[in-house]
Amino acid sequence: MASTALGRAEDRDGDRRRDNEALIAADAKTLRYGFKEVANHPCDQAEQFARALIKQGWAADSLKPCQPGCRVAGLTARLTS
């Protein structure tokens, strides 16, 4: 586990995800992600970002998943059915 003066990298990733969820709930316009989060789990971040876009008025059916198993596909299927 990588550790720095700021704490473990895994903890920071979880903190950012939780912070982003709070920002979505508060209708904030900025979400923050780390390189490892996006590089290692891009569909997780895309699903969270898609929910933020939908909350801001984007049509769910305009969001395209990268592949059939992408979490964005599940989100848009739930919201457009």
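No value in this document is a laboratory result; all are computed from the given coordinates. In this text, all values refer to a predicted model and were calculated from it rather than measured experimentally.
Report the extension gain between T80 and D19 in nm, rounded to one decimal, defined as 0.36 nm multiplied by the number of residues separating them, less their alpha carbon distance.
Gain in length upon complete extension: 19.3 nm.
So for the chain, averaging the separation of alpha carbon pairs under 8 Å that are six or more residues apart and normalising by length, what relative contact order in percent results?
After rounding, I find 20 percent.
Quote to one decimal, in nm, the extra length available between Q56 and R12 on full extension: 0.36 nm per residue of separation minus the C-alpha distance between them.
13.2 nm
If you take mean projected area of the Cα convex hull in nm² from the coordinates, which of [x] 6.0; [y] 7.9; [z] 5.3 do you get?
[x]
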